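The values are calculated or read from the model by the stated rules, or taken from the named source; none is laboratory data. Values in this document were obtained by computation on a predicted structure and should not be read as measured data. All Cβ positions, glycine included, derive from the backbone under ideal geometry; neighbour counts span all protein chains shown.
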Amino acid sequence: MLVNLARIILLSLLITACNPTEEKSIETTASKPIAVEEHNHKHENTAAIMEDSGLPYDIIESDEACESPIVIEFFAYQCPHCSTLEKFAKKWKDKNAGKVEFRAVPTHLGNQQFGSFLIVHQAAKVLGVLDKATPKLFSRIHDDQKAFASEQEAVDFLIALGVSKEDAVKTLQDQENSKNAIDDDFRLLAKYKIAGVPTILVNHRYQFDVTKAGGYEKVFEVVDQTLALPSNCGAK
């Protein structure tokens, strides 16, 4: 089931690249190399970008709105730059918990094997253990060099986070809910024409990456800066 759904996801999601392009080779539990499969997809960009020279962010013209402030991170678990940024993201999320919504939007960079990470990500989100799952998913790739070779491995992963076996199996087998959630993430990836990860979007208005922000340690300083700027999200 997990592999079949991952194949469906591969055909439907926007393909992005780790920016700059860099991926680690990982192995399944059977120690077989995972082949990287690259695809290019064109899509309509419905959010225009106005680049402002000298600013650590680009201004986006978008019809999206939100009731409260939101920070969206577009990323890939296999991207080493995303893995590095995660420790800064966690510190910022802990500090701003309950004040600003943080939404993590993963992609698989065109590699079918990594589609399973999107499925497990969504399952962890539904089960309320995404904060615990995220660093372990990064570690599974970058430290253990493993993917998910079967549904049972995904179940075991969620059980280790404190989820019951029954809930883990039920959530992972809910293919419709998983695909709908991932399709919604794809809508945002396509709308904002995300061509590289990690990319940060604040209040559907301000967009930047690590380079534009001035380095990993500067990313969430720019997040705080842009949260204070005018937008359609919440009262300012």
Any idea how many residues of the stretch 153-173 are crowded, with 22+ Cβ neighbours inside 10 Å and acidic (Asp, Glu)?
0
So is Val210 touching a Cys at 6+ places or on another chain (Cβ under 9 Å), closer than 16 Å to Phe75 by Cα and not charged (D, E, K, R) or not?
no
Condition first: over 16 Å from Ser139 (Cα atoms), outside any helix (DSSP H, G or I) and not small (Gly, Ala, Ser). Can you find one or more residues in the stretch 77-98 that meet it?
no
Which one is surrounded by the most Cβ atoms within 10 Å (Cβ to Cβ) among residues in the stretch 140-152 that are assigned to a helix (DSSP H, G or I) and more than 15 Å from the chain's Cα centre (by Cα)?
Arg140
Within the set of pairs 6+ apart or on separate chains, which have a first residue in the stretch 112-126 that is outside any helix (DSSP H, G or I), a second that is surrounded by fewer than 23 Cβ atoms within 10 Å (Cβ to Cβ) and of a type in the set (Asp, Glu), and C-beta atoms under 9 Å apart?
none
Select from the stretch 206-233 the residues that are over 24 Å from Lys125 (Cα atoms) and at pLDDT below 95 and write down the one among them that is surrounded by the fewest Cβ atoms within 10 Å (Cβ to Cβ).
Pro230
Answer yes if at least one residue in the stretch 163-186 is outside any helix (DSSP H, G or I) and within 23 Å of Lys90 (Cβ to Cβ), and no otherwise.
yes
For the list (1) more than 25 Å from Thr84 (Cβ to Cβ); (2) out of contact with any helix residue (DSSP H, G or I) (no Cβ under 8 Å at 6 or more places or on another chain), I need the number of the one condition that Gly196 fails.
(1)
Has the stretch 201-213 got at least one residue that is out of contact with any Lys or Arg (no Cβ under 7 Å at 6 or more places or on another chain), within 21 Å of Pro69 (Cα to Cα), of a type in the set (Gly, Ala, Ser) and part of a helix (DSSP H, G or I)?
yes
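Residues checked against (1) farther than 30 Å from Lys212 by Cα; (2) of a type outside the set (Val, Ile, Thr); (3) out of contact with any helix residue (DSSP H, G or I) (no Cβ under 9 Å at 6 or more places or on another chain):
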site: Cys82; (1), (2), (3): no, yes, no
site: Ala97; (1), (2), (3): no, yes, yes
site: Leu127; (1), (2), (3): yes, yes, no
site: Ala133; (1), (2), (3): no, yes, no
site: Asp143; (1), (2), (3): no, yes, yes
site: Phe148; (1), (2), (3): yes, yes, no
site: Glu153; (1), (2), (3): yes, yes, no
site: Gly162; (1), (2), (3): yes, yes, no
Sort out which residues of the stretch 99-111 are part of a strand (DSSP E or B) and surrounded by 19 or more Cβ atoms within 10 Å (Cβ to Cβ), and write them in order of number.
Ala104, Val105, Pro106
